[in-house]
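Presented below is the structure to which this report refers.
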Amino acid sequence: MVINRSFILTLGTGMFCGFFSFYLINSTITVHPRYIEGISPPHDLESHAHNHEALEDAAGPSEEVSMHSGNEAHHAGESEEAEHLKGRVRVLCWVMTNPKNHEKKAKHVKATWARRCNKFVFISSQEDKELGAVALNVGEGRDHLWEKTKAAFVYVYNNHYNDADWFLKADDDTYVIVENLRYMLSPYSGTQPIWFGCRFKKFIKQGYMSGGAGYVLSREALRRFVEEAIPNPKKCRQDHAGAEDVEIGKCMENIGVKAGDSRDSLGRGRFFPFVPEHHLVPGHIGPKNWYWHWIYYPAKVGLECCSDTAVSFHYVPPNKMYELEYFLYHLRPYGINHRDPFPPPLPPDASSIPHQVIENYKTSFSAKNLKATDVESKQQSEDKINPITTGEETKEEENKKQVRDEDKENPATDLHNDNTKPKTV
């Protein structure tokens, strides 16, 4: 067989076109970061997982972990503000789990942070009354997460819509500081179509929220999702496949639910896709890791990464949940008191904040300033009646008082009174 130049040219052209077509097709496919191989951190830093597979065999203690009593001197009365806000900002937490994780992971979520939700429910394919897990007719495994998420929100909408103002979705390896979630949500209303989480910028114009870090929907966002989005193939993907967090992000944008800015007023994050150590300590998240290309707002490593009122962390093994419980709710340095402003200052991205929230905040801020001005004016009026002495006048008064006290102890001789005899020394 004679291979001529024309054959080689044709073969080469065909191979080029084939590879180029393959590249174009793959570049249009939604690839979730869970499936992207990033630059791994140095081996000595790799102490915690960056994916669910690494936590597959992680299990918590088989025995119940004892907790401190709320009646102890160190804890008495400490949660009054948190309890007050719990009544105003009602949060239902639903946790994605599966039958094999009921004992290994989910029960440790229930024993730690979930009990601070107004209501919580575990979503599984098998009922577990002791855990509080409901069985939905869905498949298990990563390929069915979108199907399971849709079914879970429909269940919550049909059974608990009036029980909460906000609806949090989390995984069974997510740790949530629920009090900080309420604090962050307090300026907003459940009637506003908005949702919050760790915001990524890929695939969708307004971005979407990381599934593992957890995300929270307002009551109106939940209503629109279940009533308007899920039944409509033009609004939401209808099959069971697809990355759950990307797909719900598409639905939210299609039904006019705003992606909120969950950062604090200093631009520090509150929802995180990894454990605290990986955000705090340089080297865990490599410079070429997908995280830096996906995160919506600029992020930093070190303490600047994270708000003092952080809400969630992901890939948290069961044992570490108890560790976080101790550090957050029990260990405290003596004499250090929290002074969190209320309402919380709004985040930097004003475009992500509903107009009414901004107006309410301005009104609240103006009222506080007016009240402070009234107090200052009243103080000034009182000062005119009872002038505040200067430092010199105060010192002079102290000297006078000291003299008077000494006079009481040692009466002085009245030289103009002949009846008074000089004191004998």
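The values are calculated or read from the model by the stated rules, or taken from the named source; none is laboratory data. Just so it is clear, the structure is predicted and the values come from calculations on it, not from any experiment. Cβ: placed from backbone, ideal geometry, glycine included. Neighbour counts: every protein chain shown. SASA here: full protein model, heavy atoms, side chains in, ligands and nucleic acids out. Shrake-Rupley method; radii C 1.70, N 1.55, O 1.52, S 1.80 Å.
Here are the numbers for this structure:
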item	result
Restricting region 119-148 to residues that are aromatic (Phe, Trp, Tyr) and not in a helix (DSSP H, G or I), the residue that is most open to solvent (accessible area, probe 1.4 Å)	PHE120
Tabulated pairs, region 241-258, first open to solvent by 30 Å² or more (accessible area, probe 1.4 Å), second β-branched (Val, Ile, Thr) and in a loop (DSSP other than H, G, I, E, B), C-beta under 6 angstrom, 6+ apart or interchain	LYS250/ILE204; GLU253/ILE204
Check on ASN254, farther than 30 Å from GLU277 by Cα, at pLDDT 95 or above and either out of contact with any helix residue (DSSP H, G or I) (no Cβ under 6 Å at 6 or more places or on another chain) or among the polar types (S, T, N, Q) (or both)	yes
Selection status of LYS202, open to solvent by 10 Å² or more (accessible area, probe 1.4 Å), under 22 Å from the mean Cα position of the chain (by Cα) and of a type in the set (Lys, Arg)	yes
Boolean, SER186 is open to solvent by 10 Å² or more (accessible area, probe 1.4 Å), at pLDDT 95 or above and within 29 Å of LEU85 (Cβ to Cβ)	yes
For ALA152: the one exception among (1) more than 24 Å from CYS117 (Cα to Cα); (2) out of contact with any helix residue (DSSP H, G or I) (no Cβ under 9 Å at 6 or more places or on another chain)	(1)
Every residue from region 64-118 that is open to solvent by 80 Å² or more (accessible area, probe 1.4 Å) and part of a loop (DSSP other than H, G, I, E, B)	GLU64, SER66, HIS68, ASN71, ALA73, HIS74, GLU78
Cβ pairs under 7 Å, 6+ apart, first in region 271-284 and free of Cβ contacts under 8 Å to residues at least 60 places away in the same chain, second open to solvent by 60 Å² or more (accessible area, probe 1.4 Å) and aliphatic (A, V, I, L, M)	LEU280/LEU303
Pairs with Cβ under 6 Å, 6+ apart, first in region 205-224 and more than 14 Å from VAL246 (Cβ to Cβ) and among the aliphatic types (A, V, I, L, M), second modelled with pLDDT under 95 and surrounded by fewer than 24 Cβ atoms within 10 Å (Cβ to Cβ)	none
Conditions (1) over 27 Å from GLY190 (Cβ atoms); (2) open to solvent by less than 10 Å² (accessible area, probe 1.4 Å); number of the one not met by VAL281	(2)
All positions within region 301-334 that are assigned to a loop (DSSP other than H, G, I, E, B), open to solvent by 60 Å² or more (accessible area, probe 1.4 Å) and farther than 30 Å from LYS258 by Cβ	LEU331, ARG332, PRO333, TYR334
